[in-house]
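The values are calculated or read from the model by the stated rules, or taken from the named source; none is laboratory data. Treat the numbers as computed from the prediction; the structure is a model and nothing was measured. Glycine gets a Cβ as well: all are built from the backbone with ideal geometry, and neighbour counts include every protein chain shown. Heads up: the accessible areas ignore ligands, DNA and RNA and are worked out on the full protein's heavy atoms, side chains in. Shrake-Rupley method; radii C 1.70, N 1.55, O 1.52, S 1.80 Å.
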Amino acid sequence: MTAVQKVIGLMSGTSLDGVDAALLETDGEEVVRPGPGLTVAYTPHTRALLRSSLDEARAVAQGSPVPQSIREAERVLTEAHAQAVKALLEKAGLGADQVALLGFHGQTILHRPERHWTWQIGDGALLARLTGIDVVNDFRSADVKAGGQGAPLMPLYHAVLARRSGRSEPLVVVNIGGVAQVTYIKNDFVLAFDTGPGNAPIDDWMQRHSGKPVDEDGAFAATGKVDGTALDKMLANPFFERVPPKSLDRMDFGMEAVERLSPADGAATLSAFTAASLARAREHFPDAAESWIVSGGGRHNKTLMGMLKARVNAPVISAEEVGWDGDALEAQGFAYLAMRSKKGLPLSLPTTTGVQQPMTGGKFWKA
């Protein structure tokens, strides 16, 4: 039996807003004791570099060579993660020698599982050198190469938390980041998949029309009106009919349907699209869920949460209402997965990514 150890998980999501870092004491199995967490926002320069990398990665997928700008973005990203580790160690009153491992997700800049390709930038060897702590990264590649979707990867952590929550099952854990995902849990059965867009289209719309990176509390969308025709057009995407497991790239859904709308109506309609696509996930559940627990940045969007509650015939509650830290949940999850990777345990299942058999993964870098 492996001893319980302190692990730091690091997550940089599709929203491109910053690094989430969280401490977790875990054995990679049933023991999960969350510690402190924090978020370090990216500088405008870092965010611009990462945003450019998304477009450049698409060109690489078409056969272009990897540009030096992506290598530069990877270095800057890795240094930002090292700073987040340093800040969390200071917050927790720990030395680097007291932490066994870093779970380093990196930044997804391209996700094409149908081509057996997923790309997360982040230099594991450099992060190990900068922090003095062993690193596990590249969590998705093994799953994708084996025919899985490579996402979502939080379900096994969600299942452990659900078992400890005392809430009746089946229940659904929702993450609303740039893309939205659900994990459906009933006893030992775990089903997970990306449901559609999360915050990303709303954030992009806000950036374009207001210069602000997010719709704070959903206040701007609340001033607009949902355009039913545009919403129906977006919901006609064949992705929603596909049987899970299934996953998305941040850029898979365009915004052509809302281009003619006013800024406020566009924000309202994109928010409704995220809520409606989450609600449509119910079509793929074996049984109706008793409750929906929402994590990720989207839970702060009151308009989006209200829209989701109106569409789901079950209680919709924030992660905090069951004692979880909804901002740190994904970072905690990658700490948990790093320990599982080190022990050679599965990170994904046929019912979470569509891989043929339970699949381990991750690359280990010695400090």
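Does segment 308-363 hold any residues that are surrounded by fewer than 20 Cβ atoms within 10 Å (Cβ to Cβ) and hydroxyl-bearing (Ser, Thr, Tyr), and which are they?
Listed by number, the residues that qualify are Ser318, Thr351, Thr360.
Does any residue in segment 315-331 that is on the phi > 0 side of the Ramachandran plot come within less than 8 Å, Cβ to Cβ, of a residue that is open to solvent by 30 Å² or more (accessible area, probe 1.4 Å) six or more places away or on a different chain, and which pairs are these?
Going by the 8 Å Cβ cut-off, the qualifying pairs are Gly323/Ser165.
Being open to solvent by less than 50 Å² (accessible area, probe 1.4 Å), of a type in the set (D, E, K, R) and part of a helix (DSSP H, G or I), is that true of even one residue in segment 10-20?
Checking segment 10-20: not a single residue is open to solvent by less than 50 Å² (accessible area, probe 1.4 Å), of a type in the set (D, E, K, R) and part of a helix (DSSP H, G or I).
Out of the residues in segment 40-55 that are of a type in the set (A, V, I, L, M, F, W, C) and in contact with a strand residue (DSSP E or B) (Cβ under 7 Å, 6 or more places away or on another chain), which is surrounded by the fewest Cβ atoms within 10 Å (Cβ to Cβ)?
Ala41
Please go through segment 120-155 and pick out each residue that is in contact with a helix residue (DSSP H, G or I) (Cβ under 6 Å, 6 or more places away or on another chain) and within 17 Å of Asp252 (Cβ to Cβ).
Val144, Gln149, Gly150
Right, Ala236: closer than 19 Å to Val179 by Cα and open to solvent by less than 20 Å² (accessible area, probe 1.4 Å) or not?
Here the answer is no, as Ala236 does not meet what is asked.
So which of Ala289, Ala257, Ala275 ends up being touching a residue at least 40 places away in the same chain (Cβ under 8 Å) and surrounded by 21 or more Cβ atoms within 10 Å (Cβ to Cβ)?
The unique qualifying residue is Ala289.
For (1) modelled with pLDDT of 95 or more; (2) part of a strand (DSSP E or B); (3) not small (Gly, Ala, Ser), each residue gets a yes or a no:
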position	(1), (2), (3)
Leu23	yes, yes, yes
Arg33	yes, yes, yes
Asp55	no, no, yes
Ala59	no, no, no
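Search segment 156-199 for residues being in contact with a helix residue (DSSP H, G or I) (Cβ under 7 Å, 6 or more places away or on another chain) and assigned to a helix (DSSP H, G or I), and hand back the single one that is most open to solvent (accessible area, probe 1.4 Å).
For segment 156-199, the residue satisfying everything is Ser165.
So Leu161 clears everything in (1) under 23 Å from Ala22 (Cβ atoms); (2) in contact with a Lys or Arg (Cβ under 7 Å, 6 or more places away or on another chain) except one condition, right? Which one?
With (1) under 23 Å from Ala22 (Cβ atoms); (2) in contact with a Lys or Arg (Cβ under 7 Å, 6 or more places away or on another chain) applied to Leu161, the lone miss is (2).
Residue check, Ile202 against (1) farther than 26 Å from Leu337 by Cα; (2) open to solvent by 10 Å² or more (accessible area, probe 1.4 Å), all met but one. Which one?
(2)
Does Arg115 satisfy the criteria of being of a type in the set (Lys, Arg), free of Cβ contacts under 8 Å to residues at least 60 places away in the same chain and closer than 22 Å to Val355 by Cβ?
yes
Just one of (1) at pLDDT 95 or above; (2) outside any helix (DSSP H, G or I); (3) open to solvent by 30 Å² or more (accessible area, probe 1.4 Å) trips up Gly37, so point out which.
Every condition holds for Gly37 apart from (3).
Please work out which one of (1) of a type outside the set (Asp, Glu); (2) modelled with pLDDT under 95; (3) within 19 Å of the chain's Cα centre (by Cα) is the condition Asn313 fails and give its number.
Result: Asn313 passes all but (3).
Considering each of Asp20, Asp27 in turn, give the residue that is more than 22 Å from Val144 (Cα to Cα) and within 19 Å of the chain's Cα centre (by Cα).
Asp20
Any residue in segment 205-218 that is under 21 Å from Pro346 (Cβ atoms) and of a type in the set (Gly, Ala, Ser)?
No: segment 205-218 contains no residue that is under 21 Å from Pro346 (Cβ atoms) and of a type in the set (Gly, Ala, Ser).
Do the conditions hold for Pro244, that is, is it surrounded by fewer than 22 Cβ atoms within 10 Å (Cβ to Cβ) and either at pLDDT below 95 or farther than 29 Å from Arg140 by Cβ (or both)?
Considered against the rule, which asks whether it is surrounded by fewer than 22 Cβ atoms within 10 Å (Cβ to Cβ) and either at pLDDT below 95 or farther than 29 Å from Arg140 by Cβ (or both), Pro244 comes out as yes.
Would you be able to say whether some residue in segment 285-306 is among the charged types (D, E, K, R), in contact with a strand residue (DSSP E or B) (Cβ under 8 Å, 6 or more places away or on another chain) and in a loop (DSSP other than H, G, I, E, B)?
Yes, there is a match, as at least one residue in segment 285-306 is among the charged types (D, E, K, R), in contact with a strand residue (DSSP E or B) (Cβ under 8 Å, 6 or more places away or on another chain) and in a loop (DSSP other than H, G, I, E, B).
If I ask for residues that are without any contact (Cβ under 8 Å) to a residue 60 or more places away in the chain, within 15 Å of Leu270 (Cβ to Cβ) and not small (Gly, Ala, Ser), which ones from segment 188-215 would you list?
Passing the criteria: Asp204, Gln207, Arg208, His209, Lys212.
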